[in-house]
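A short write-up of the structure that comes next.
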Amino acid sequence: MVSRFIAVDPFDLVVFGGTGDLAYRKLYPGLFHRDGDGQLPESSRIIAVSRRDQSQDAFRSSVADALKDHVDDAHTRQEGIKAFLDKLHFVRADASADAGWDDLKTFLDTDSNPVRAFYLAVAPNLFGPICQRIGSMAMDTDATRVVIEKPIGHDGDSARTTNAAIGQVFSEDRVFRIDHYLGKETVQNLMALRFANALFEPLWNSAHIDHVQITVAESLGVGSRGPYYDTAGALRDMVQNHILQLLCLVAMEPPAAFNANAVRDEKLKILRALRPIDESNASLVTVRGQYQAGASQGGAVPAYVDEIGPASSMTETFVALKAEVENWRWAGVPFYLRTGKRLATRTSDLVVHFKAIPHSIFGSSAGEITSNKLIIRLQPNEGVELSIMIKDPGPGGMRLRKVPLDMAFQDAFNVRSPDAYERLLMDVLRGNPTLFMRRDEVDAAWDWIDPILDAWERTGQKVNGYRAGTWGPSASIALIERDGRTWHEDVL
Ligand code: BG6
């Protein structure tokens, strides 16, 4: 089947933080791809806003450089780059002060396009002030949307304050809170797999599923993001948003329709059904870790504390948790979650472990019968794999063997796998918030996370060291092995 490219309506996309890392690495390359696919109408304008003192030409040439760095085949697409750069504009303005806002307004008012979106790729403390100014200067039209990036708050209270400030200007249906994991192809495929196939849903419950594992492992360290990361840690940075969103998509009831409120209502019910983790059980069901010096990708790498500076730190770069969803479908089925930096490899997957067969008719000579597993590989090598038992081919009697039914999307479809931001940017421009977080979801996620953070602080729960390039602290292996189970890659 061939991909279909449906053009969006002509738009003005204003990017605050328009000369920042996210814009150069993700937003402009994503928009460039979609421009090449013919989805961006000619009159559309992408307006970078930044305090930087630079000319329009200098800005365009910096984007051209970024495209060469971040788009594989950029060197063969000179014409396309030129057409894309023509859509780019630069306005110098200060997001936190008066300077430049009149120029921005004048620019938008001359020749404005029907759809207007403000993308706030800036520090979260600026979300409220920028929205207030957009409102007070009457820069929002009926078709105006605002896009914000995580972190939304540092805890539930600060998230509520931020969301309230945004809400004074933008109604909820015009606020697009990005969780880029929801834009990943395989994450969307999870919904296709569950709700477009009759095969899985009847088995998708505690009668047939033993447990679920979600792993988001990174091989990189914190790099230059130390100042932010040290105030956040893995629980806030990855679990509060990406991992809980994945858990919701696995666990939610079938929504009545694939639309924004139906899907988000179901996710919300899962977040609200999570069994609380607090001082009474945190030490049993959570593990914190921090990487020490080790080896990664063939070279020696420093410890976290040496990367962030000469300081000691209790910030976790690894977390493993045993979560439970307290409802009829999932009672008694643990969801083991883990994420960390500087782990053995970069891999993210979601593994559904089915229950063992109730009785084997084959004797011991047939070998071990392992339970079925459905593995959804988010990255790299996106795909879906189902492990099943078969008879070993050929003579030798009935000997059993585990084999994967494996579909790698790249091999199956031979199309470029789009970056998550591409899809999400197009959804913003179309006004479709299905793959974005609603305000009550953010609140509910913090309501579950806050007591864990409190418990860690009050009890001083240990941050276990782990060697960079390994699978994290041994306590995380103990966490799952205590229940008689093992992490997925340990049994490969
Ligand atoms: C971001 C986190 O949201 O997601 C980063 O802030 C993390 O710390 C990143 O590295 C991971 O995203 P991806 O798409 O590379 O898995």
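A few comments on the model shown:
- Residue within the stretch 226-236 that is within 16 Å of the ligand (Cβ to nearest atom), closer than 21 Å to residue 264 by Cα and not in a strand (DSSP E or B) present: yes
- Any chance residue 345 is in a loop (DSSP other than H, G, I, E, B), at pLDDT below 95 and within 16 Å of the ligand (Cβ to nearest atom): yes
- Residue 454 vs. criteria over 30 Å from residue 305 (Cβ atoms) and modelled with pLDDT of 90 or more: no
- Failed condition for residue 57, given (1) surrounded by fewer than 13 Cβ atoms within 10 Å (Cβ to Cβ); (2) modelled with pLDDT under 95: (2)
- Meets criteria (closer than 22 Å to residue 470 by Cβ, away from the ligand (no atom under 16 Å from the Cβ) and out of contact with any helix residue (DSSP H, G or I) (no Cβ under 9 Å at 6 or more places or on another chain)) for residue 305: yes
- Subset of the stretch 174-219 (residues that are among the β-branched types (Val, Ile, Thr) and either more than 15 Å from the ligand (Cβ to nearest atom) or more than 30 Å from residue 141 (Cβ to Cβ) (or both)): 175, 186, 187, 209, 212, 214, 215, 216
- One residue from 382, 368 being within 29 Å of the chain's Cα centre (by Cα) and at pLDDT below 95: 382
- If the condition is being within 10 Å of the ligand (Cβ to nearest atom) and surrounded by fewer than 23 Cβ atoms within 10 Å (Cβ to Cβ), then the stretch 239-257 contributes only 242.
- The residues of the stretch 291-319 that are of a type in the set (A, V, I, L, M), loosely packed, with under 15 Cβ neighbours inside 10 Å and within 15 Å of residue 220 (Cα to Cα), listed by number, are 295, 300.
- Close pairs from the stretch 208-228: first of a type in the set (Gly, Ala, Ser), partner assigned to a strand (DSSP E or B) and within 11 Å of the ligand (Cβ to nearest atom), Cβ under 6 Å, at least 6 apart: 217/347
- Any hit, the stretch 293-301, residues being within 16 Å of the ligand (Cβ to nearest atom), out of contact with any Lys or Arg (no Cβ under 8 Å at 6 or more places or on another chain) and modelled with pLDDT under 95: yes
- The stretch 114-135 residues that are under 19 Å from residue 231 (Cα atoms) and in contact (Cβ under 8 Å) with a residue 60 or more places away in the chain, paired with ones that are acidic (Asp, Glu) and not in a loop (DSSP other than H, G, I, E, B) (beta carbon under 6 Å, 6 or more apart): none
- Inter-residue pairs, beta-carbon under 9 Å, first over 13 Å from residue 457 (Cα atoms) and surrounded by 20 or more Cβ atoms within 10 Å (Cβ to Cβ) and in the stretch 269-283, second of a type in the set (Lys, Arg) and modelled with pLDDT of 95 or more, 6+ apart: 277/322
- Members of the stretch 366-404 found to be part of a loop (DSSP other than H, G, I, E, B), within 16 Å of the ligand (Cβ to nearest atom) and surrounded by 17 or more Cβ atoms within 10 Å (Cβ to Cβ), listed by number: 382
- Residue satisfying all of: in the stretch 258-279; out of contact with any strand residue (DSSP E or B) (no Cβ under 8 Å at 6 or more places or on another chain) and of a type in the set (A, V, I, L, M); farthest from the ligand (Cβ to nearest atom) among these: 262
- Residue list for the stretch 244-267, restricted to those being of a type in the set (A, V, I, L, M), over 20 Å from residue 158 (Cβ atoms) and assigned to a helix (DSSP H, G or I): 246, 247, 249, 250, 251, 260, 262, 263
- Screening the candidates 173, 230, 179 for the property of being more than 29 Å from residue 311 (Cα to Cα), over 15 Å from the mean Cα position of the chain (by Cα) and of a type in the set (Asp, Glu) yields one hit, 173.
- Residue, nearest to residue 38 (Cα to Cα), within the stretch 405-428, restricted to residues that are at pLDDT 90 or above and more than 16 Å from the ligand (Cβ to nearest atom): 426
- Residue match in the stretch 320-330 (condition: aliphatic (A, V, I, L, M), free of Cβ contacts under 8 Å to residues at least 40 places away in the same chain and buried (at least 17 other Cβ atoms within 10 Å of the Cβ)): no
- Restricting the stretch 60-97 to residues that are assigned to a helix (DSSP H, G or I) and in contact with a Leu (Cβ under 7 Å, 6 or more places away or on another chain), the residue that is surrounded by the most Cβ atoms within 10 Å (Cβ to Cβ) is 63.
The values are calculated or read from the model by the stated rules, or taken from the named source; none is laboratory data. Here the structure is a predicted model, which means the values were calculated and not measured. Methodologically, a virtual Cβ is constructed for each residue, glycine included, from the backbone with ideal geometry; neighbour enumeration extends over all protein chains shown.
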